[in-house]
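Participant: Pasting in a structure now, in structure tokens, and then I'll have a few things to ask.
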Amino acid sequence: MPVSVPSADRRQRALAAFSLSFLSLALSLTAFSSSYWCEGTRKVAKPFCTGHPCMHSNSPNASNSSAVQYVWETGDDKFIDRKFHAGIWYSCEEIVNEEGEKCRSFISLTPAADRGVFWLSIVAEFLYIILLLTGAILMSVELCYYSAAIDGLKINAFSAVVTVLAGLLGMVAHMMYTTVFQMTVNLGPEDWRPHTWGYGWSYCLAWASFACCMAAAVTTINKYTKTVLEFKNKRKTLARNLKVKYKFSDHTAPEKACNVYVNSFHNSTEDHAHPIKGLHQLTTISVL
């Protein structure tokens, strides 16, 4: 008795792959457009004193408040921590004693020797998003494609290849940006170098997107493999049953008939009442 896997199971796997791919695309777009890949603090000198207690000097500029600073503080007490966050596009930091942030283009902070790697990471991120979008579109087409299982299988194979390539590009892009940021921390401008820093929520979203992308690729490949195995198993079962029941004179006739039947595999598995549907039609086809 052959075992028939319901088409609902294949549809559930296709839906799971599409959901993972769409989630990966959404996470990637969110991370790519944000500036919270890395967060930390910078030590900056305290602003000039504008009130008491201040010590006035005898210089001609003593009346100017900007010429007078705190005098009772020494060492690290002269500095305050200013929060900053950086992404692929911008690096922003707090404005002391004011509301808001001051932002600068991150590429202007990158050392000249590392800008080539930085541009490569941006191109890789763009390609990663484009391939993710392509894979999601292919999976949605496959999900809504009912006319022939063979054509759906081809779409499934192509979407699996595209999703795997997207995952590899995403991994390379994230690693290159990490390298560029670390080099910028060590060799970047003095007025930007952070005192302490760590990875932010955008960086976590980027790697979560990569994880969802690879999960979608594995699910798609698994669906493709299981469908191919179902095809082969069903063809062998049909050939064996036809040969026993109808005793073909040509030993290749059952296999030829089954090749025709496999083209309608998707429709045949919808019926769970019997394992071999359209057997008499296959006999007519093989005789012809």
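No value in this document is a laboratory result; all are computed from the given coordinates. Just so it is clear, the structure is predicted and the values come from calculations on it, not from any experiment. Neighbour counts are summed over all protein chains in view; Cβ atoms, including those assigned to glycine, are modelled from backbone coordinates with ideal geometry.
Participant: Stretch Met175-Val117 to full length: gain in nm at 0.36 nm per residue minus the Cα-Cα span?
Facilitator: Contour length minus the Cα-Cα distance gives 19.8 nm.
Participant: What FRET efficiency do you get for Ser108 and Thr225 if R0 is 45 Å and r is their Cβ-Cβ distance, rounded to the nearest 0.05?
Facilitator: That pair, Ser108 with Thr225, gives E of 0.40.
Participant: For region 79-122, treating each Cα as an identical point scatterer without solvent, what Debye log10 I(q)/I(0) comes out at q = 0.13 1/Å?
Facilitator: -0.36
Participant: Taking 8 Å as the Cα distance limit and 6 or more residues as the minimum spacing, I'd like the relative contact order of region 77-220 as a percentage.
Facilitator: This gives 24 percent for region 77-220.
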